[in-house]
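Structure record follows, encoded as structure tokens.
Derivation of every value follows stated rules applied to the coordinates shown; laboratory data play no part. It should be emphasised that the depicted structure is a prediction, and the values quoted were computed from it without experimental measurement.
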Amino acid sequence: MSWLLYTVATPPAVAFILYAISMALPPRQAQLTAFAAFSVASIFWMCVSALYGVVASIILRLVGYGGLSQWTVGKVFKWTMWWSTGIFFEIIDSGRIVGGNRGGEEALQTRPAVFVGNHQTELDVLMLGTVFPQYCSVTAKSSLKWTPFLGWFMTLSKSVFIDRANRATARAAFDSAANVMQTERQSVFIFPEGTRSYATSPELLPFKKGAFHLAIQAQVPIVPVVVANYSHVLNFKEKRYSPGVVPVSVLPAIPTKGLTAADADALTTKTRDAMMDELIRLSHLNSEGNGVPLPRTGESVKNELRKRTVGAGTKLEE
């Protein structure tokens, strides 16, 4: 039994020691040591959360509440990461009202829906722990299914696995997801950029259209989730980490009732434009990343920011 205690206690102890050592080192060495401490803590708590998720998913499915699996595990990861790394994602209201629908927490209650968010780094897993509503599952690349702990949990908790190299199986996965959304009112969360951007400024990669075809097929709304650029909190390329609060703006739901596959392009463009505008607005937060959003900027400022944004004028891909 002692070996189990040592195994569980060692990673948090190593992370704590590295954090302590970083405080006494020169700037560059301190930065790398703190980044190493963050990496150890993150991997450890992800494994713990995923292992908890395997058990929780089995129990919840047995009692008929399997759709809550990813929500409950997300909350565990959210609070353990806040405690161990000091990083916290905070949901804010964009202030928009579209067709009587508000954003923020109210929009997160939309069910079923296709939630779409910008994808920056691996830290977006923690963002999901914050924003994930009840009865929602994430989509993921099929290779994750075979990852120990995490893959087991994702399989048991109704994740939608997509094989990007096989168009037929990917389409079948989305067809199955649309059916589950209609019959079980289960929502899904998708990163339409398809990959991490590792952006250091307010940027969006071109959107793929799978999420929008799914929303139209299931006739459920799109709920855009915009995460402020957080390269000041975590920068993988520079191996830099700093505790901080990252704003997450949830926009009002975009209805798809009555739309057909022919409308997917327009829906993709509309959603991306709304998210880009909000990402630009969030860029006006202070340098610590935890301030209050300023009112919407004038067109001259917005256009200038658009010029500096990579991919803002890029043609959308399928």
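Here are a few things to note about the model shown:
- The relative contact order of the chain, computed from alpha carbon pairs under 8 Å that lie at least 6 residues apart in sequence, is 20 percent.
- Subset of LYS209/LYS270; LYS75/LYS158; LYS208/LYS270; LYS209/LYS257; LYS158/LYS208; LYS141/LYS208 violating a 19 Å alpha-carbon distance limit: LYS158/LYS208
- In this structure the amide hydrogen of ILE190, modeled in the peptide plane, comes within under 5 Å of the amide hydrogens of PHE115, VAL116, GLY117, none closer than 5 places in sequence on its chain.
- Whole-Å distance, taken between Cα centres, linking segment 96-170 and segment 220-235: 13 Å
- Within the chain, helices built from complete DSSP H runs that reach 18 Å or longer along their own axis (Cα positions) and carry a mean Kyte-Doolittle hydropathy of -0.5 or higher are 2-22, 27-62, 69-85, 167-184, 264-282.
- Cα-based shape type of the chain, given that a ≥ b ≥ c are square roots of the gyration tensor eigenvalues and the cut on a/c is 1.5: oblate
- Rounded to the nearest 500, the 222 nm mean residue ellipticity of the chain from helices alone is -15500 deg cm²/dmol, with -39,500 (n - 2.57) taken per DSSP H run of at least 4 residues.
- Taking amide H positions as modeled 1.01 Å from N, with prolines and chain starts lacking one, the residues under 5 Å from PHE89 and 5 or more places away or on another chain are VAL246.
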